[in-house]
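**Student:** Attaching a single structure in structure tokens format; questions to follow.
Values quoted throughout were computed directly from the atomic coordinates according to the rules given, and no laboratory measurement underlies them. None of the values given here were measured: they were computed from a predicted structure. Note that we place each Cβ from the backbone using ideal geometry, even for glycine, and neighbour counts take in every protein chain shown.
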Amino acid sequence: MILSMLAVGVVVWIGYLFLPHDANSDPVHVVEYKVAAASAKRGAPYQLLSPDGLSSQWRATSVGYQPAANSNGKGNAWHLGFVTPSGQYAAVEQSDVPRDALLADKVAGGKPDGTSEVAGQAWERLQGEKSRALTVQTGGATTVLTGTASYEELAELAQALK
């Protein structure tokens, strides 16, 4: 039995050495978000924002729109997540639920941390327990840019929103 296991081990080791494999592959699964954003913009009762003009180093990893009819009382909700150029996470969260409810859901333990001026608009900064955020009220919706990304990267994302 030991000889059998040794023989199998040798075959596996040889296969590992000679079969191609990429030990440095990128684990980030990139998704296309432009079609989902266009579709969500048609259905949203507020001006839905998505970025335009970000560099290719911003990699979208998740996207979704949940209409209020399907949200169990959580209102209309838009989500778009990214891995930033520095390897951190940043997301666009937009909803027509009350602002405080959205912030409590998306920025746990968020405390005011000043403001950031982006494209002539003041965005409130929040520092949470594990993330930070920029937020602004626009029309009937609250927009929250949140994640582990720096305020500078969040501001870059805010600058690209259209």
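**Student:** Could you tell me the extents of segment 79-129's C-alpha atoms along the three principal axes, largest first, rounded to whole Å?
**Tutor:** Cα spread of segment 79-129 along its principal axes, largest to smallest: 31, 24, 23 Å.
**Student:** Where in the chain are the DSSP H helices whose alpha-carbon span along the long axis reaches 15 Å or more and whose Kyte-Doolittle mean is at least -1.0?
**Tutor:** 2-18
**Student:** On to the next question. What is the sum of charges, Lys and Arg at +1 and Asp and Glu at -1, for the other residues whose Cβ falls under 12 Å from the Cβ of Thr115?
**Tutor:** -2
**Student:** Go through Lys106/Lys162; Lys41/Lys74; Lys34/Lys130; Lys41/Lys111; Lys34/Lys106 and tell me which ones have a Cα-Cα distance over 25 Å in this structure.
**Tutor:** Result: Lys34/Lys130; Lys41/Lys111 exceed 25 Å.
**Student:** Let me ask you something else. For every other residue with a beta carbon closer than 11 angstrom to the beta carbon of Ser50, add +1 if it is Lys or Arg and -1 if Asp or Glu, then tell me the sum.
**Tutor:** Surrounding charge for Ser50 is +2.
**Student:** Please order Val12, Val144 by the number of other Cβ within 10 Å, starting at the fewest.
**Tutor:** So the residues, fewest neighbours to most, are Val12, Val144.
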